[in-house]
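Some notes on the structure that comes next.
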Amino acid sequence: MYRVFFSFVCVGFLSVCGQNVKSPCPQYFEYKSDGTGLHGVINLQPFDFVPSLLVRANFTIAARLPSTFPGSVQPIGSEITLLQDFNRGVPLQYRVNFPVISPLPKLTALTVNDNVLCYATGDTPGGAAYVTTISLQHMLFFKSGTNGLYAMINPPTQTPPPEIQYVQSPPLQTINNNVNNQSPLRPNEEEDPTRTTERYHGTTRKPTGLTTKRTWPIKQSDKGQNSQQPGGSLNALECGISGDGARDYVPLVYNGLSYDRGEWPWLVALYKRKFSSLSYICAGTLISEKHVVTAAHCMQRKSSYTSIKNIVVKAGVYNLEDWSDDITVTRTLTGASIHNAYNASTLANDLLVLTLDKDIPLSNFIKPACLWSGSPDLNRIVGKSGVVAGWGANEMGPGGKGEPRMVQMPIVSTATCRASKPEFHKLTSTKTLCAGDHSGSGPCLGDSGGGLYILDNGRWRLRGVVSLSLWTENGESTCNLDDYVVFTDTAQYLPWINNVMSNSVL
């Protein structure tokens, strides 16, 4: 057990451009103005040892933001020694950079390690045309088993190209109220991509977010029709077996429940490393002790490329905010194979195979999914349902954090997908598949690169990789789940996948 105390700083109010702004909790948070401009300061004073420090600050702004910068929160000082110093009794301060100073953002919540330290009423829709809510966070933590220190923040965002909106990590800014009924501002992306399912502009209805119960596919007996997984000593009989087996229903990503740990043991999380920071970017699927399949756009965009030395893979991970987890296995990469026909503009052939630096020990919580077996003909699975799992956004908040969710999605023909919206004509091909049921449930922000799994002969097999979806009708950065989601059909790439796996172990 540990306790965290905050230094008491008495601040009455700050007058800026005629605004009288008062901190709701001056002992924890204050507004300051100096040569660098107006900003916020969070003051912390430790009492006992803490293995990690997660600070979140929520604000409301009675306006629509003039730019795509959502603000940031950063510790003051060198991140290399901050947590060590904090645990030695050295006070810690965070600087909060605001996206605007007129009107000045109002603090509505401040939490430390999920303990609410301050809560206040923010701006309300009454007198403002827009009320924008921003949520900023920063995390310091020790790397398990070492003296190293990592820092994880909500990374900055960068302006997406006109054709695509990237959705790698959760958006940092949301519009809570839009009285003028205009399109809210979308978060942008800077050098570090921060958001996870690719999105194209399209006309669609707003997701309804319905909760439904669905019947799982009937688990058939295993007839031994399991293809050998190349690239390791893995026995083919070990793949595709869930830790908890089938359920009577599938909780949805939206308005659903988290599943039990070990139920989808092949689900992995991908992080991007920059200096001392780790930022969640995508999900992926473990297909052997040493290989992961994910989306190519998780590594390469139209204008950016992430080096393999900056990608970290976590297998067996469940709660992304539990950094003390002793089940999770962390690996770096020795190779990354993007399909040679991948097009970063159209997302054609959106497929990537990662080779880990060391084999991952298998357990009840870490197992590979089986690759597809049998005919790759899409017509043979039309009407069947697959499952997508991941850390995408849900009704509890943005994606890229917390526990994963899962959703069942029926597969439709390419002809049906194209007939639903003209945009799908250019987004689909003989190497993609569409899934969804227009119910408002499905993969969301933070789910890109995750797999579509189908139960076949008693084994869960990887059939698709989450690639892209359409924009909502008004262009909001919300999940458009009233239209189909496009997956890369991995069954069409089996020779290439097997070749990459075989060559990587030579």
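Computed from the coordinates by the stated procedures, all read-outs in this text should not be read as laboratory data. Because the structure is predicted, anything quoted here is derived from the model rather than measured. Neighbour counts are summed over all protein chains in view; Cβ atoms, including those assigned to glycine, are modelled from backbone coordinates with ideal geometry.
Take the cross-link list Lys309/Lys367; Lys32/Lys106; Lys272/Lys426; Lys302/Lys426; Lys274/Lys309 and give me the ones stretching past 20 Å between alpha-carbons.
Those over the limit are Lys309/Lys367; Lys272/Lys426.
With a cap of 14 neighbouring Cβ atoms within 10 Å, and only residues DSSP puts in a loop, list the chymotrypsin sites (Phe, Trp or Tyr not before Pro) found in segment 64-126.
none
Calculate, for Thr36 and Asp260, the FRET efficiency according to 1/(1 + (r/R0)^6) with r their C-beta to C-beta distance and R0 45 Å; round to the nearest 0.05.
0.40
Please give me the summed charge of the neighbours of Val90: other residues whose Cβ is under 14 Å from its Cβ, Lys and Arg +1, Asp and Glu -1.
Its environment carries a net charge of -2.
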